[in-house]
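Written out below as structure tokens is the structure these notes cover.
The values are calculated or read from the model by the stated rules, or taken from the named source; none is laboratory data. Being a predicted model, the structure only gives us computed values, none of them experimental. Reconstructed Cβ throughout: ideal geometry from the backbone, glycine too, with neighbour counts over all protein chains shown.
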Amino acid sequence: MKKSILFIFTLLSVVHLSNGQHFSGLDRSPLDIAYYPDNFAHDRKPGEKAIIRVIYSRPQKKGRDLFGGLVPYAEVWRTGANEATEIKVYQDLKISGQSLKAGTYSLFSIPEENEWTIILNTDLDYWGAYSYQQEHDVVRIQVKSNKIDQNVEAFTIQFEQTGTNQGTMQMAWGDTLVEIPFEY
């Protein structure tokens with residue numbers, strides 16, 4: 001009797017394990033988060049508050065021709081990969097001189113060879129820029145696109161403090177760098 005129960009238990013365990021969950025592998029464009037102040041989540045000091053958080057996916061260059069190629073000029077881009085990039089501002093601030101209320105927005109861009117249009121839009125939680133609606137834009141600014149000596153393999157967003165209550169959000173991929181000034 002004990003052998004029969006042990007056999008049935010073993011058989012059920014094997015059947016259960018063979019029908020277990022399957023987890024997909026790593027995404028080719030992994031999700032990342034950038035904070036201002038830099039490394040806020042990791043280095044937070046008591047009483048300190050975040051100013052900006054960006055959640056985005058990081059596509060890889062992989063030898064491809066990026067801007068004007070993979071990412072066409074003069075078209076709205078999700079500014080990363082997968083879902084539209086999301087930016088949360090924790091307090092009212094100015095981006096390139098334009099006022100922006102605290103809140104959460106999608107971040108889009110329209111790359112050109114020498115300048116980009118940066119767009120903050122109220123539509124959230126959708127894939128890419130396929131459903132982008134210009135009438136929901138809250139900020140649209142023009143910034144210069146610069147060539148850099150470094151080759152940035154994975155699309156990267158980071159922040160740099162440039163003065164008291166001032167900074168830039170830097171976006172780099174391949175040999176292209178775009179800087180978006182803000183003050184708070």
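Regarding residue 101, is this residue out of contact with any helix residue (DSSP H, G or I) (no Cβ under 6 Å at 6 or more places or on another chain), modelled with pLDDT of 95 or more, surrounded by 15 or more Cβ atoms within 10 Å (Cβ to Cβ) and among the charged types (D, E, K, R)? The answer is no for residue 101. Taken over segment 86-139, the criterion of being out of contact with any Pro (no Cβ under 9 Å at 6 or more places or on another chain), of a type in the set (S, T, N, Q) and in a loop (DSSP other than H, G, I, E, B) is satisfied by 91, 114, 122, 131, 133. As a summary of the residue check, residue 74 satisfies the conditions (1) farther than 21 Å from residue 62 by Cβ; (2) out of contact with any Ser or Thr (no Cβ under 6 Å at 6 or more places or on another chain); (3) part of a strand (DSSP E or B) except for the one numbered (3).
Select from segment 35-59 the residues that are touching a helix residue (DSSP H, G or I) at 6+ places or on another chain (Cβ under 9 Å) and not aliphatic (A, V, I, L, M) and write down the one among them that is nearest to residue 102 (Cα to Cα). Among those that are touching a helix residue (DSSP H, G or I) at 6+ places or on another chain (Cβ under 9 Å) and not aliphatic (A, V, I, L, M), it is 53.
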